[in-house]
Amino acid sequence: MNRPKVLNALNAHTIAELKAAFEAARDDASVLGVIITGAGDKAFIAGADINELAKISPVEAEAFTRNGQAVLNLIENLGKPVIAAINGFALGGGCETAMACTIRLAVENARFGQPEVKLGVMPGYGGTQRLPRLIGKGRALQLVLTGGMITAQEAYRIGLVNEIVTAADLIPRAEAILKEINSNAPLSIKFALEAVNKGWKRA
C-alpha cells in the first residue's frame, strides 16, 4: 500500500488497484502467495480515506463499502496464502484488510482498532464478521463498540495476530513463512485454505 503521506488510507482508486493486483495474483499460476504491507514506517493501512468519504453521497458510500467488501472477500478466498506484514497502524479498513489475510505478522509498535463508531458509522468491510471469528464475540464487541485501540502485544494475546517481530525482520519472516507453506503440496494448501475459510459443505 503506497500512500504514506495519508498513512496508506484506502480511497476508491486504491481499492480498485488492490482488486486488480489480487485478481492478477489469483490468475497467475507462478504466484504462490502474497505479502501485503504499508509504505513508510508508520502505518499498514490507517483506515478509509476520510477526506474522500466526506465528499460522497450515501449512495456512493454504499458502493464504496461494497467494493471494499468484494476486495477483502477476494483476498480471503484467493486460494493462495496471503500474509499481512503489519508495520504500524492497522485501523478501520486497515484492520479489516489484515483480518482477511491468511496470517498476520506485526511489528512491536503496531496498533489495531475499529474506530468507526467514533465517526458515526460501523465497520463496513466485514470486520463485524471476521473479528469475532478470530478473537471471540465478547472481545470483538468490546473493540467495535468502544472504538478503542490495542497494542500489538494485546493483539497477539487475544489471537488477532500470529507473531510479533522487529521491523527489520517483518518482510524476511513473512517470506520465510510463505516459503515453508509452499514447500507443501499445492492442492493440499488450496483445500486447507478453503476448508478453514468456508468450512466443509456437505453434498
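The values are calculated or read from the model by the stated rules, or taken from the named source; none is laboratory data. Quantities reported herein were computed from a predicted structural model and do not represent experimental measurements. Backbone-built Cβ (ideal geometry, glycine too); neighbour counts: all protein chains shown. Keep in mind that these areas ignore ligands, DNA and RNA; they rest on the heavy atoms of the full protein, side chains included. Shrake-Rupley method; radii C 1.70, N 1.55, O 1.52, S 1.80 Å.
Quick one: Debye curve from the C-alpha atoms of segment 126-203, no solvent, what's log10 I(q)/I(0) at q = 0.22, 0.27 Å⁻¹?
Once normalised to I(0) and log-transformed, intensities are -1.09, -1.16.
Out of all Cα-Cα pairs in segment 51-113, roughly what percent, to the nearest whole number, are more than 18 Å apart?
Percentage above 18 Å: 46.
What is the Cα convex hull volume of the chain when expressed per residue in Å³?
Values: hull volume 25.8 nm³, N = 203.
So the per-residue Cα hull volume is 127 Å³.
For segment 87-150, what size does the Cα cloud have along each of its three principal axes, sorted from largest down, in whole Å?
28, 21, 19
Past the 18 angstrom mark, what percentage of all C-alpha to C-alpha distances in segment 18-65 do you count?
Roughly 55 percent, rounded to a whole number.
In the chain, how many lysine pairs have Cα atoms under 16 Å apart, counting only pairs 8 or more places apart or on different chains?
So the count of such lysine pairs works out to 8.
Would you mind checking which residues have amide H under 5 Å from Ala9's amide H? H placed 1.01 Å from N; only 5 or more apart, or other chain.
It is Ala46, by chain and number.
If we sort 74-81, 57-64, 14-21, 90-97 on the protection proxy, mean other Cβ atoms within 10 Å, highest first, what's the order?
Going from most to least packed, we get 90-97, 74-81, 14-21, 57-64.
Against the longest alpha carbon principal axis of the chain, how many degrees, from 0 to 90 and to the nearest 10, is the axis of helix 186-198 turned?
40
For helix 170-181, what angle does its Cα long axis make with the longest principal axis of the chain, in degrees from 0 to 90 and rounded to 10?
Computed tilt is about 40 degrees.
Give me, ordered by chain and number, the residues 5 or more places off Phe89 or on other chains with an amide H under 5 Å from its own placed amide H.
Those lying under 5 Å, H to H, from Phe89 are Ala43, Phe44, Arg111.
Using a probe of 1.4 angstrom, how much of the accessible area of the chain is carbon and sulfur, in percent? List each step's numbers first, then the result.
Working: 6140 of 10860 Å².
Looking at the chain in its full context, I get 57 percent from C and S.
Probe of 1.4 angstrom, ligands and nucleic acids ignored: what's the accessible area per residue over the chain, in square angstrom? Intermediate results must be reported in sequence, preceding the final value.
Values: 10860 Å² over 203 residues.
Computed with neighbouring chains in place, this is 54 Å² per residue.
Need the C-alpha centroid separation for segment 125-203 versus segment 32-83, integer Å.
That distance is 16 Å.
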